[in-house]
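**Q** Submitted below is the structure of interest, expressed as C-alpha cells.
The values are calculated or read from the model by the stated rules, or taken from the named source; none is laboratory data. Quick caveat: nothing in here was measured; it's all calculated off a predicted structure. We place every Cβ from the backbone using ideal geometry, glycine too, and count neighbours over all the protein chains shown.
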Amino acid sequence: MELSKYVGSKIRELRESRGMDQDTLASKLKTTRVTISRYETGARKANQDVLFQLADIFKVSINYFFPTPQNLIPVTKTIKIPLLGTIACGDPILAEENIESYVDEPTEDLPSGKLFYLKAKGNSMKPTIPNGSKVLIRLQSDVEDSEIAAVLMTEDNEATLKRIKRVNGTMFLMPENPDFDPIIADKNNPARILGKAIRYTSDL
C-alpha cells in the first residue's frame, strides 16, 4: 500500500472511531470537507504540519499515522545477472562476449553457481523455448543427457542452444522442432558445453 493511502486510512479510522464526520474534522483543521476526503483516499498527501494537528485533535502519537515494521512490505533482495550476446536456436550465430545489459533477479529464486543470460534466436527449440526468450544459464562444463545446454561451437566461436544426446561417445545437439536437423559435435565440428539452461523469460 502506498504511504499516502496508508496515512489516509488511519485518518479515516480515527475520525470514524470518534464518531466525527468529515465536515467536523475539516472545521477543526480549518480546511474543507473535500480536502479531508482527499487525505483519506490518499489522493492528497497530508504534510507534517497537518499530521501534527491531527495527532493533537485525536490525542495520539504522530507515529500512529505511519506503518509499523510488520505493516511494511518486505523488500526482495535482487542481483544483476549479465545478459550476454544472442545465442542461436537454429543456425548458430556469433556468440558475443560483451555484456549487453543486466537482468534483475530475486536472489531467493536463483540456483547456486555462476549465472548469465543469453537471448535465444530462431525456432529450432520451439515450443520449449520461444524465439527471443532470455535463457538463464548456469555455468558448468557438462550436463546430463536430455538436458538443454548452451554449447559453444569452438571451430567458429559460435554458440547454440540444444538438448544434449550422446551415442557411442558422439554428442548430438538435438533441436525440439522437427523441422530442424541435429548438429553432430565431433572432431570435425568440435563443441564445448558452456552451461545448463535453467529457465527462460519471455516478454509479451
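**Q** Hey, can you tell me all the residues within region 178-204 that are surrounded by 11 or more Cβ atoms within 10 Å (Cβ to Cβ) and within 28 Å of the chain's Cα centre (by Cα)?
**A** Those that are surrounded by 11 or more Cβ atoms within 10 Å (Cβ to Cβ) and within 28 Å of the chain's Cα centre (by Cα): 193, 194, 195, 196, 197, 198, 199, 200, 201, 202.
**Q** Within region 107-155, count every residue that is under 16 Å from residue 193 (Cα atoms) and either of a type in the set (Lys, Arg) or modelled with pLDDT under 85 (or both).
**A** Residues in region 107-155 being under 16 Å from residue 193 (Cα atoms) and either of a type in the set (Lys, Arg) or modelled with pLDDT under 85 (or both): 6 in total.
**Q** Let me ask something else about it. Can you spot a residue in region 91-106 that is within 24 Å of the chain's Cα centre (by Cα), at pLDDT 60 or above, part of a strand (DSSP E or B) and surrounded by 14 or more Cβ atoms within 10 Å (Cβ to Cβ)?
**A** yes
**Q** Still on this structure, I have one more. Just to confirm my filter: which strands (runs of 3 or more DSSP E) fall fully inside region 127-171 and include at least 3 residues that are surrounded by 21 or more Cβ atoms within 10 Å (Cβ to Cβ) and of a type outside the set (Gly, Ala, Ser)?
**A** In region 127-171, the matching strands (runs of 3 or more DSSP E) lie at 134-139, 158-167.
Matching residues to (1) surrounded by fewer than 15 Cβ atoms within 10 Å (Cβ to Cβ); (2) at negative phi; (3) without any contact (Cβ under 8 Å) to a residue 12 or more places away in the chain:
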site	(1), (2), (3)
3	yes, yes, no
7	no, yes, no
16	yes, yes, yes
27	yes, yes, yes
39	no, yes, no
52	yes, yes, yes
55	no, yes, yes
